[in-house]
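Reviewing the structure listed below.
The values are calculated or read from the model by the stated rules, or taken from the named source; none is laboratory data. Predicted model, so just to flag it, every value in this text is computed and none were measured. Here the Cβ positions follow ideal geometry from the backbone for every residue, glycine too, while neighbour counts run over all protein chains shown. The protein model used for the area step is the full one, side chains on, heavy atoms only, and it has no ligands, DNA or RNA in it. Shrake-Rupley method; radii C 1.70, N 1.55, O 1.52, S 1.80 Å.
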Amino acid sequence: MAEREMWEKNFSEWFDEAIWNSEIMDTRYPVKGLYVWLPYGLSLRNRVLSIIRSLLEETGHREVLFPLLIPEDLFRKEAEHIRGFEGQVYWVTHGGNEKLDVRLALRPTSETSIYPMFSLWIRSHADLPLKVYQVVNIFRYETKMTKPLIRLREVTTFKEAHTAHATAEDAERQVKEAIGIYRKFFDALGIPYVISRRPSWDKFAGAVYSIAFDTLCPDGKTLQIGTVHNLGQNFARVYGLEFETQDGGHEHVHQTCYGISERVIAATIAVHGDDLGPCFPPNVAPYQVVVVPIPYKEQADPVNARAEEVAQRLRESGLRVHADMRDLRPGRKFYDWERHGVPLRIEIGPEDLRRNCVIAVRRDTGEHITIPGEKLVEEVKRVLADIESSLKENAWKRFSGRILEAGSVEDVKRLAEEGNIVRVAWCGEESCGMKVEEPSGGKVLGEELENRPSGRKCLICSRDANSWLLVAKSY
Ligand code: 5CA
Ligand code: ZN
């Protein structure tokens, strides 16, 4: 069974080693907060992206691609937005040796580049709703400690969706649709999450309100893996996003935006890990199966030939398979591929040749399974499907076991420090919420969505509690 000592007790170091050993990234690029994707990592990234792309496409989002640079005057229009991002913007001040008349921001997110164009595109109610998305790099001069895949200064995999609607109700419906899309997306990756409405003091700069998905890293710190924002008409007013209504009047659109980043890949690595390293869910694993021949002296040729043949049969059935034919000891190969998180290993030795079978070894449990030759494809597919569902199930089990209710204010701090997400019964008053954050030593994630307490009193003021406030240590 999987050991999880190092993974839990020393997660930060574990994580850096995991992405190095599995050749996801090279973290030696000489600019802080910028990292290099390696082929294996990029293959994983692109599979994760293809899941979110299809979820967006099937709900009517169209892909666009906007410029990286935003002129300062446009960038500064929405007051709250600029207040929120000011300290994080990289500026382009020169073209060659010439100083630019108007400085250009490297987008830290794209509202201020997209919405001026929306104002040209949107004419009448017939143009609405408008739903677009793009996958781009963004730059944020982060001042907290940077970490590969988790807190970057160049986010390379920023998927942002932007929508415009005729009514507030339709924007509200869009927020729900976005939440549904992200649920499916995280479910596909087996990442457990809580969904909460961020407190007003922690919402996206320029939003009316923000909803966030958080997962839990093995060290007990939460990681925000996606957000959905209702922007109301804040941006529409300053960028002049007006449309002609059915009866000829003019109104501002209502907007939403929602985004994820490669943090989702960090979460995939983190939640399915163990002391050996990551274990990638088969639906996104760069290699789903690795075939390792175990040759013995004079039997080497037939064993190698069988290994190639087995790999080829599996490939033809649509699986991503790597046959490791390097001139190395099998034990060394096992070690390598475990660290690359390949969910299933197939071993073939002389004995298996004679019996016409293979040995499959699960990365998640270490279990050895004998598969007869005639059932190769169907059995491998069945085992992979089982790995996928049990990774998800186990991640959820560990996660759910770490969402605990606080019985008192002192409890909040203790439980958060022990690495839990703490549910605090809350009356809904902001002042009570703020009184929880201070002494907790953690962060108020927000008001939990779709789950409410019954028969509880607010932990601060003892009035009836309407909702759970979630508190945790966080990244
Ligand atoms: N425009 C909105 C929605 S697209 C926006 O920028 N929202 S955000 O600021 O909350 O970012 C969306 C998600 O991107 C976050 O939930 C987080 O998961 C991820 N993210 C934000 N900043 C970084 C960063 N510096 N490094 C890695 N991921 C990040
Ligand atoms: Zn209260």
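Here are some notes:
- For the stretch 40-101, the set of GluC sites (Glu not before Pro) satisfying both a DSSP loop assignment and a count of at most 15 other C-beta atoms within 10 Å is given as Glu58.
- Ranking Lys375, Lys457 from most to least accessible surface, computed with a 1.4 Å probe over the protein chains only, gives Lys457, Lys375.
- For the chain: Kirkwood Rh in Å [reciprocal of mean 1/r, alpha carbons]: 24.6
- Tensor-based shape of the stretch 77-159 (alpha-carbon gyration tensor, a/c under 1.5 rounded, otherwise prolate or oblate): oblate
- Applying 1/(1 + (r/R0)^6) with R0 = 41 Å to the Cβ-Cβ distance of His125 and Asp202 gives a FRET efficiency near 0.75.
- Where the alpha-carbon atoms of the stretch 375-475 are placed on the principal axes, they occupy 64, 25, 19 Å, in descending order.
- Stretch gain in nm, segment Ala2-Arg320, where the contour uses 0.36 nm per residue and the Cα spacing is subtracted: 112.1 nm
- Angle in degrees between helix 39-57 and the longest Cα principal axis of the chain, rounded to the nearest 10: 50
- Separation of the stretch 120-181 from the stretch 396-470 is 29 Å, based on Cα centroids.
- For the stretch 396-404, 3J(HN,Hα) per residue [Karplus equation, 6.51 cos²θ - 1.76 cosθ + 1.60, θ = phi - 60°, Hz, x = Gly/Pro]: 5, 4, 4, 5, 4, x, 10, 10, 10
- Given a 1.4 Å probe and the protein chains as shown, His162 ends up with an accessible area of around 0 Å².
- Global form of the stretch 1-68, assessed from the alpha-carbon gyration tensor, a/c cut-off 1.5: oblate
- Here Lys32 is the anchor, and the aspartates and glutamates within straight C-alpha reach of less than 16 Å, apart from those fewer than 8 places off in the same chain, are Asp16, Glu142, Glu154.
- Relative contact order of the chain, defined on C-alpha pairs under 8 angstrom at six or more residues apart (%): 14
- Solvent-accessible surface (1.4 angstrom probe) belonging to Thr245, in square angstrom, nearest 10: 20
- Couplings 3J(HN,Hα) of the stretch 441-448, computed from phi: x, x, 10, 6, 5, x, 8, 4 Hz, in residue order, whole Hz [Karplus 6.51 cos²θ - 1.76 cosθ + 1.60, θ = phi - 60°; x for Gly and Pro].
- Label positions at Cys461 and Leu38, each projected 7 Å from the Cα along the C-beta direction, are separated by 5.5 nm.
- Prolate/oblate/rounded label for the stretch 314-355 (Cα gyration tensor, a/c 1.5): oblate
- Under the Debye formula (equal points on every Cα, no solvent term), log10 I(q)/I(0) of the stretch 232-346 at q = 0.16 Å⁻¹: -0.82
- Put Val383, Val208 in order of accessible area, highest first, and with a 1.4 Å probe you get Val208, Val383.
- The order of Cys461, Cys427 by accessible area, most exposed first and with a 1.4 Å probe, is Cys461, Cys427.
- Expected 222 nm ellipticity per residue - DSSP helices of 4 or more, -39500 (n - 2.57), all of the chain, to 500: -11000 deg cm²/dmol
- The largest-to-smallest principal axis extents of the Cα set in the stretch 1-130 are 60, 45, 29 Å.
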